[in-house]
Amino acid sequence: LFTYYVQYTTMTLVLQTSVGYTTTIVYPFNRFYPFWYNSYNGIIELLETLKSNGFKLGIVSNKYDFGVKNLNKYYFKDLIPVAIGEREGVRRKPAPDTVLTAMKELNAQKESTLYVGDSGSDMITAQNAGVKGVGVTWGFRDAKSLKESGADFLVDSPAQLLDIAQNTKCETAL
């Protein structure tokens, strides 16, 4: 969801509606300086629309918790209340720990959660967490790779992601 200039890493967005529908989005980001990145076209508008439609938002990442929280605050201000990064006692993706921690903070259920990501590891994380995986094709891997890794849905644009978030029976997006 961000263009990158130096080093590719990922954060995953967690979304939850007031009625319990979920969708997840992965955000590549640089671990050094947030000003080296810009969000992909349409992402901020997508997040604003989801929030205004009752989705709760959050981020899940393998990067250090402190950095994830700071990047979230820098880029998304008040849009995303939950940001989970690597910390003691929480295994990294593709283990489900960060996703399950975010879901717990959002009071989300597995059967009503979608996990959005741009890599095979993200799709495996979704499977390990027992949630549906949405692969975004504008990131790290192509559609074929994402599908082979178990994506339940593929999207080529933020607008398609909005359609899935609104048309599936989900409450939470990670």
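Tabulated results
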| quantity | calculated |
| --- | --- |
| Mean Cβ count within 10 Å, highest first, over the residues of peptides 119-128, 152-161 | 119-128, 152-161 |
| Spatial extent of segment 82-174: Rg and Dmax, with the Cα atoms as the point set, Å | 12.5, 37 |
| Sites residue 107 and residue 73 - FRET efficiency at Förster radius 25 Å, r taken between beta-carbons, to 0.05 | 0.65 |
| Expected-Rg normalisation [2.2 N^0.38 Å, Cα atoms] applied to segment 38-140 | 1.03 |
| Pairs from 63/144; 93/144; 73/144; 63/169; 77/104; 56/132 whose Cα-Cα separation, in the structure shown, is over 28 Å | 73/144; 63/169 |
| Full-extension gain in nm, residue 166 to residue 45, via 0.36 nm per residue minus C-alpha separation | 42.1 nm |
| Paired Rg and Dmax values of segment 120-174, which use every Cα atom, in angstrom | 10.6, 27 |
| Amide proton proximity set for residue 116, modelled H, under 5 Å, gap of 5+ | 24, 25, 134, 174 |
| Estimated inter-spin distance, residue 87 and residue 65, nm [label 7 Å along Cα→Cβ] | 0.2 nm |
| Compactness relative to 2.2 N^0.38 Å, alpha carbon Rg of segment 72-111 | 1.27 |
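The numbers here are math on the coordinates, done by the rules we state, and not lab data. Small disclaimer: the values here were computed from a predicted structure and weren't measured. Cβ: placed from backbone, ideal geometry, glycine included. Neighbour counts: every protein chain shown.
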